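Have a look at the structure below, then the notes.
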Amino acid sequence: MALYTGVAAGDGATWDHLLQNRLVPYTITTLLTLLIAGIIMLGLAVPAAWVISQYEFPGREFFSWALILPLAMPGYVMAYAWADLMGVAGPLQSHLRDLTGLSARDYWFPNLFSVPGLAFVLGTTLFPYVYITARAAFSMQSLATLEAARSLGARPLDLFWRVALPVALPGILAGLCLALMEAAADYGAADFLGVQTLGVGIVRSWQSFNEPNTAARLALMLVLIAGSLLVAARLYQGDKGVQQTSSKWLAPRRERMSRPVALVTTTLCALILVICFIAPITRLLWLAWETDARSIDLWPLLRATLALGAMGAGAAFVAALIFTLAAKRSQFLRMITRLIAAAGYAAPGAVLGLGALFILRETGQALAGPIAITFLIWVYVSRFTSAGVEPLQATLDRLPKNLDRAAQSLGSKGLRQFFRLDLPLLAPGAFAAGLILFVEILKELPATLMLRPFGWDTLAVKTHAYATDERLAQATLPSLLIVGAGLLPVLLLSWRLGATERS
Amino acid sequence: MTSTHPLIADQVTRAFGQVTAVQGASLELEPGKITSLIGPSGSGKTTFLRLLAGMERPDSGQILSGDTVLASATHHVPIEKRKIGLVFQDFALFPNMTVLQNVMFGLNALPKAERVGVADSWIERLGLAHRRDAYPHHLSGGEQQRTAIARALAPDPVAILLDEPFSGLDPSMRDRVREASLSAIRASRAPALLVTHDASEALIHSDTIAVIDQGAILQSGAPETLYRQPGSLAVARALGPVHKIETDQLPTDWRNTLNPKSDTLWYRPEAISLGDGLELTVSGSKLAGPITELCLNLSDAQQVYVACQPGAPLQTGDTVKATINPALFFEFASEST
């Protein structure tokens with residue numbers, strides 16, 4: 001898989017000025033988007049995680065899992081919904097005009113079709129990554145440390161800035177890097193909003209301008225950005241900030257907020273949830289209802305989506321299983337596995353799609369039929385295997401270390417052991433892994449867009465086509481189906497988070 | 001320098017749902033003195049400390065620093081305004097700050113120029129000058145705990161509360177750290193509460209001991225008083241081993257000396273010593289370091305336990321002569337176990 005991206009990069013060896021003209025602005029746009037999105041994510045996630053882990057206020061328990069829900073929305077769906085909400089004819093501007101009596105030309109209104117707009121969309125869908133890591137970082141802190149700080153006169157804000165945040169920062173930044181990596185890999189939202197990021201550039205260079213070398217150079221840059229974010233995430237996660245956890249007073253003792261402060265906190269948390277999830281979903285539901293979106297024929301889309309999803313998830317699951325079990329056998333394999341999985345994880349779909357197209361061209365194959373599907377599934381496996389390895393590995397890590405040796409001492413080995421021991425033990429993790437893989441593939445846009453053979457439009461591809469054609473109404477129903485499917489793993493995740501907190 | 005006010009708990013009660021963790025507890029911590037609070041686990045030691053510190057609110061009763069009310073059923077000075085120093089078993093240092101920065105943390109009220117000086121003088125006093133710029137994860141457990149004590153003392157607290165501060169330390173360094181820490185605390189003149197489950201630590205190092213059980217403070221006083229004149233079996237047990245003997249099993253000599261009023265007596269093992277007196281048979285002997293624990297037969301049914309230094313090894317079946325010290329025999333009203 002790492003070789004895969006290498007092919008993509010190696011082919012685009014020639015430089016020219018045209019290329020440079022495009023590479024630099026695309027890169028700057030991408031970095032600027034990431035910068036603003038990063039600020040939005042930190043601004044939403046860190047305060048929310050802090051108040052939820054430290055204070056008691058109405059709705060705290062609800063928000064503690066509900067704030068993860070935006071993860072169910074792919075960036076492009078968020079972009080469609082907010083584009084409609086914020087459009088000139090949309091409800092926000094109509095109400096503004098009704099209230100003020102102004103006409104559309106008399107006032108300034110934020111434009112979603114811009115770099116800050118894209119950053120807003122990506123920030124609001126991806127901030128839960130940061131929220132989850134920040135929550136974990138804050139609740140792992142020794143309560144005694146915070147109480148010691150308070151006994152030395154630290155006020156709540158001091159406590160946050162001087163004690164809690166510095167200690168939690170490595171974890172938070174690691175989460176931020178992962179979220180930014182996802183943001184860098186986005187194609188759908190940027191394309192819809194007309195922002196020329198590297199992801200958009202790659203697909204366009206190949207499809208519209210037929211400039212494979214340009215595409216490859218852009219891809220290299222994108223891989224570089226995503227890769228450095230991944231490396232940064234790993235560095236932050238390193239052994240810095242050795243945390244002392246108190247065994248004695250770990251039980252959360254949340255401070256009760258005074259009534260006005262609690263009211264403001266609840267309102268702000270509710271506002272985040274409304275902006276990042278409820279408003280866009282409600283708008284899509286309303287649109288679907290209003291425009292009688294049932295008229296479009298969903299059946300072929302569903303069939304293609306389910307077929308690709310099942311094949312991709314199946315293949316990626318087998319790969320994840322092999323990786324996990326191989327890692328169990330030896331430390332060296334474990335390291336290699338992690339490296340490969342991480343490389344695939346860091347490679348955006350557009351880059352992998354491009355790599356596949358290069359290989360197809362080199363080997364003189366046409367992009368059609370079973371070959372295209374094979375390559376598409378290969379891309380899915382490369383990109384998502386690591387997402388499947390994680391829950392399997394987590395299940396495995398909970399098992400006693402000597403289980404294998406016990407089994408071997410009883411004469412069990414090889415395939416027999418796999419079916420009798422490994423598979424049943426991994427079952428709970430396997431369910432989560434399968435679900436996550438299926439939903440990730442269902443949401444995947446750029447690679448599917450580049451590689452799908454004729455007649456294999458998925459929900460994501462068709463939604464995107466409708467939306468970019470400004471037929472938003474038709475896009476709503478498939479969008480809602482994607483979000484609905486995406487909710488399943490997210491709910492599973494929030495249930496698991498809740499369980500760790502309760503235990 | 002430090003306030004010379006005592007820290008006072010007056011009839012403090014705190015319940016969590018159905019469970020009453022602290023029940024009408026009263027205790028006065030005197031300036032410049034170390035008061036140990038001992039009791040079995042779950043007896044309410046930690047909750048009592050948390051009430052004093054302001055981490056919990058009392059349901060009833062008052063907590064005062066001198067005449068100032070810190071907490072009552074209606075009034076609550078929050079922890080960050082109480083100026084009470086806290087020291088925890090797990091140190092609870094700020095991992096992102098050096099020793100100096102940790103000690104300076106509570107000195108915000110001082111002008112910036114003075115902070116370093118004050119912090120340095122405490123660092124010096126606790127023998128940490130060479131570790132001034134080190135981060136907590138580079139320090140040994142003892143150095144971490146001395147840092148925590150310097151940090152708690154530096155802002156000139158109205159009291160200092162220590163929750164099992166030495167029990168997490170390696171026994172080889174525990175004595176030295178304890179010595180350095182407690183002398184610094186005494187010198188600061190702040191009233192100090194040392195929560196511990198280690199009776200010998202409490203006996204050796206404190207000026208006053210308070211015994212807590214089931215949320216109530218059973219007795220408080222000088223270590224010697226509590227050890228020799230416990231008001232109840234629970235207090236006697238909290239400070240060291242005690243054994244039971246039925247009055248009618250006592251040899252006549254001993255019964256005449258003790259002149260007991262109840263059917264059951266309790267005694268500390270060192271209440272019986274070898275030398276002159278009654279001739280008894282050894283039924284067991286265990287060497288426990290400086291002392292030997294003997295088991296002697298009074299009769300077929302009754303044995304007594306003796307902590308002594310016999311001089312030469314004793315075997316089961318040997319005979320020894322034993323006498324008693326009546327001061328270490330106790331009678332308790334209405335206690336069955």
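Restricting the calculation to alpha carbons of region B:85-234 gives Rg and Dmax of 16.5, 55 angstrom.
Enter the angle in degrees (range 0 to 90, nearest 10) between the Cα long axis of helix B:141-153 and the first principal axis of the Cα atoms of chain B, meaning the one along which they spread out most. Once rounded, one gets 60 degrees. Using a cutoff of 8 angstrom between alpha carbon atoms and counting only pairs six or more residues apart, the relative contact order for chain B works out to 18 percent.
Counting only other chain Cβ atoms within 10 Å of each residue's Cβ, the peptide B:76-87 averages 4. Relative to the 2.2 N^0.38 Å rule of thumb, region A:102-201 has a C-alpha radius of gyration ratio of 1.54.
The stretch between A:ARG97 and A:SER208, if pulled fully straight at 0.36 nm per residue, gains 36.0 nm over its current Cα-Cα span. Cross-link pairs exceeding 31 Å between alpha carbons, from the set B:LYS81/B:LYS112; B:LYS45/B:LYS261; B:LYS45/B:LYS112; B:LYS261/B:LYS321: B:LYS45/B:LYS261; B:LYS45/B:LYS112. Stretched out straight at 0.36 nm per residue, the stretch from B:ALA333 to B:SER283 would grow longer than its current Cα-Cα span by 14.9 nm.
For B:LEU86, the residues 5 or more places off, or on other chains, whose built amide H falls under 5 Å of its own are B:LEU161.
Once the C-beta distance of B:GLN18 and A:GLN331 is scaled by a Förster radius of 45 Å, the resulting FRET efficiency is 0.30 to the nearest 0.05. Computed from the Cβ-Cβ distance with R0 of 30 Å, the FRET efficiency linking A:ALA465 to A:PHE431 stands at 0.35. Where in region B:47-91 does the amide nitrogen come within less than 15 Å of the point 7 Å from the Cα of B:THR4, taken along Cα to Cβ? The answer is B:66-67. Taking the empirical scaling 2.2 N^0.38 Å for compact globular proteins as reference, region B:203-310 has a Cα radius of gyration ratio of 1.20. Going by Cα centres, region A:295-334 and region A:255-284 are how many Å apart? Cα centroid to Cα centroid, the span is 36 Å.
How do A:171-184, B:215-228, A:42-55 rank on mean C-beta neighbours within 10 Å, highest first?
Result, highest mean Cβ count within 10 Å first: A:171-184, A:42-55, B:215-228.
Helix B:171-188 and the longest principal axis of the C-alpha atoms of chain B enclose an angle of approximately 60°. Each principal axis of the Cα cloud of region B:36-97 was taken in turn, and the coordinate range along them, longest first, works out to 36, 32, 19 Å.
Just tell me which aspartates and glutamates come within less than 17 Å, Cα to Cα, of B:LYS286; anything on the same chain fewer than 8 places away is out. Straight-line reach from B:LYS286, under 17 Å: B:GLU270, B:ASP318. Only Cα pairs under 8 Å and 6+ residues apart enter the sum, and on that basis the relative contact order of region B:250-330 stands at 41 percent.
Relative to one another, the C-alpha centroids of region B:89-133 and region A:51-111 are positioned 47 Å apart. A Förster radius of 45 Å combined with the Cβ-Cβ distance from B:ASN256 to B:VAL77 puts the calculated FRET efficiency at roughly 0.15.
If the viscosity is 0.692 mPa s and the temperature 37 °C, what translational diffusion coefficient in µm²/s does Stokes-Einstein give for region B:174-222 when Rh comes from Kirkwood over Cα pairs? In µm²/s, the coefficient rounds to 275.
Computed from the C-alpha gyration tensor, the three semi-axes of the ellipsoid equivalent to the protein assembly as shown are 68, 33, 25 Å, from longest to shortest.
Counting only Cα atoms, the size of region B:3-148 along its three principal axes is 48, 33, 27 Å, in decreasing order. Extension gain for A:THR267-A:VAL231 works out to 9.3 nm (0.36 nm per residue, less the C-alpha to C-alpha distance).
Distance between the pseudo-spin-label points of A:GLU255 and A:ALA307 (7 Å out from Cα toward the beta carbon): 6.0 nm. If you run the Gaussian network model on chain B, springs between alpha carbon atoms under 10 Å, then out of B:ASP163, B:ASP90, B:ASP276 the most flexible one is B:ASP276.
Every read-out reported here was derived from the displayed coordinates using simple, explicitly stated rules and does not represent laboratory data. Not measured: the values here are computed from a predicted model. Please note: Cβ atoms are built from the backbone with ideal geometry, for glycine as well, and neighbour counts cover all protein chains shown.
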